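The values are calculated or read from the model by the stated rules, or taken from the named source; none is laboratory data. From a predicted model like this one, the values you see are computed outputs, not experimental measurements. Positions of Cβ are generated from backbone atoms using ideal geometry, with glycine treated the same way; all protein chains shown enter the neighbour counts. Surface areas here come from the heavy atoms of the whole protein model, side chains and all, with no ligands, DNA or RNA. Shrake-Rupley method; radii C 1.70, N 1.55, O 1.52, S 1.80 Å.
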Amino acid sequence: MIAQIEALQAEVEAFAPKTPAEVEAFRIRLLGKKGSITALFDAFKSAPVEEKRTLGQALNRLKTTAAQRIEELRTALEEAALAAGAGDGAEMDMTRPATAERVGTRHPISLVRNRILDIFGCIGFVPADGPEIEDDWHVFTALNFPPEHPARDMQDTFFVEKDPDILLRTHTSSIQVRVMQNQRPPIRVICPGRVFRNEAISYRAHCIFHQVEGLYIDRNVSFADLKQTILHFAKEMFGEKSEIRMRPSYFPFTEPSTEVDVSCNLCGGKGCAVCKHTGWLEIMGAGMVDPNVLEACGIDSREYSGFAFGMGVERIAMLKYGVKDLRLYFENDLRFLRQFTPVF
Ligand code: DAH
């Protein structure tokens, strides 16, 4: 029996666990109900009387060193785990400084859209809204796209239902129609919204994007009003030194129609990669509302005239922030989204 005690004593001294779980298993194996030290205490009862004194001393020493060593190792290992941060919550440290909550950022498209609404809001344009799922009449027919007209091919359409045609609006110009049907001039609205086109997705095209549409209808609204309004917008959006130029274009719903360029704010008009060395950046389509559109919406085209314009929010955001791939706006990658702050 003394040999067994000495063997266990040596085992206790050599014990080198790596985890608190190993310590606990060791304790159970030695000091548990069926542990080897416990068994020795049982055996001690029937030991010869003359051996009891030495055996008893040896046995007590073994029990004490085992208990002490187990306690020391358990504390040391638990502290090490806590220092390494591998706590299970039980070792919560109430004195540690809190990590600051991360505040969210606005999506770049929202930042730019809000800025566009602000600029026009300051000169009396009121926000207006319309449905994303529209009928053919509001998206095309009322806007002077006759049925079968090739201009309908300018915008590849997602159809929801056929006969009567229900579709996803391809442009926010449909909101113009809804506003003119429901309000009498003077009308001055700014209409943001999502639009949908059946296009292959690439860095420069997406099947969903955002537009902002503007409409102004009153007596004696002229092309000069359109020009000044857009010049004001360009200066507010791209800087006081900005200039605009208007190129003749074609849209079924405006006559005359124009595409508007703003002087490149990166190179100051000298020519760079972004403006493809032209010094100009295309920002929107615009024009005088075609009398056919006014009439289709119940507004007397002999009494009233107006202008309209429409721009792509992704396009403006690209010019403001230098984002060259449209797809990034839709991926919701936080590493991308966290970079944006208002630059206006
Ligand atoms: N709806 C046109 C488009 O999606 C943009 C546009 C051009 C809107 C001229 C207008 C406008 O109001 O006058 O390409």
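General observations
- When every residue of region 36-46 is checked against the conditions, at least one turns out to be over 17 Å from Gln9 (Cβ atoms) and either of a type outside the set (Ser, Thr, Tyr) or touching a residue at least 60 places away in the same chain (Cβ under 8 Å) (or both).
- Region 261-302 - residue that is polar (S, T, N, Q) and either more than 14 Å from Ser173 (Cβ to Cβ) or outside the structural domain of Ile230 (by TED's automatic domain parsing) (or both) and, of those, nearest to the ligand (Cβ to nearest atom): Ser301
- Any hit, region 201-209, residues being over 27 Å from the mean Cα position of the chain (by Cα) and open to solvent by 10 Å² or more (accessible area, probe 1.4 Å): no
- Strands (runs of 3 or more DSSP E) completely within region 159-237 that count 2 or more residues being assigned by TED's automatic domain parsing to the domain that holds Ala296 and in contact (Cβ under 8 Å) with a residue 24 or more places away in the chain: 166-168, 187-196, 208-218
- Filtered residues of region 301-332 (kept if within 20 Å of Asp225 (Cβ to Cβ), open to solvent by less than 50 Å² (accessible area, probe 1.4 Å) and free of Cβ contacts under 8 Å to residues at least 60 places away in the same chain): Ser301
- With respect to the stated conditions, Phe158 fails to be at pLDDT below 95 and open to solvent by less than 10 Å² (accessible area, probe 1.4 Å).
- Helices (runs of 4 or more DSSP H) wholly inside region 249-344 that include at least 3 residues being farther than 29 Å from Asn182 by Cβ: 313-321, 328-331, 334-337
- Between Val195, Val189, Val212, the distinction of being open to solvent by less than 10 Å² (accessible area, probe 1.4 Å) and either away from the ligand (no atom under 12 Å from the Cβ) or touching a His at 6+ places or on another chain (Cβ under 9 Å) (or both) belongs to Val195 only.
- Some residue of region 159-175 being under 15 Å from Ala296 (Cβ atoms), within 13 Å of the ligand (Cβ to nearest atom) and hydrophobic (A, V, I, L, M, F, W, C): yes
- Output for region 231-256, where each listed residue is more than 23 Å from Leu117 (Cα to Cα) and either within 10 Å of the ligand (Cβ to nearest atom) or in contact with a Pro (Cβ under 9 Å, 6 or more places away or on another chain) (or both): Pro248, Ser249, Tyr250, Phe251, Pro252, Glu255, Pro256
- Answer from Ala142, Ala128 - the residue that is within 30 Å of Ala317 (Cβ to Cβ), at pLDDT 90 or above and in contact with a Cys (Cβ under 6 Å, 6 or more places away or on another chain): Ala128
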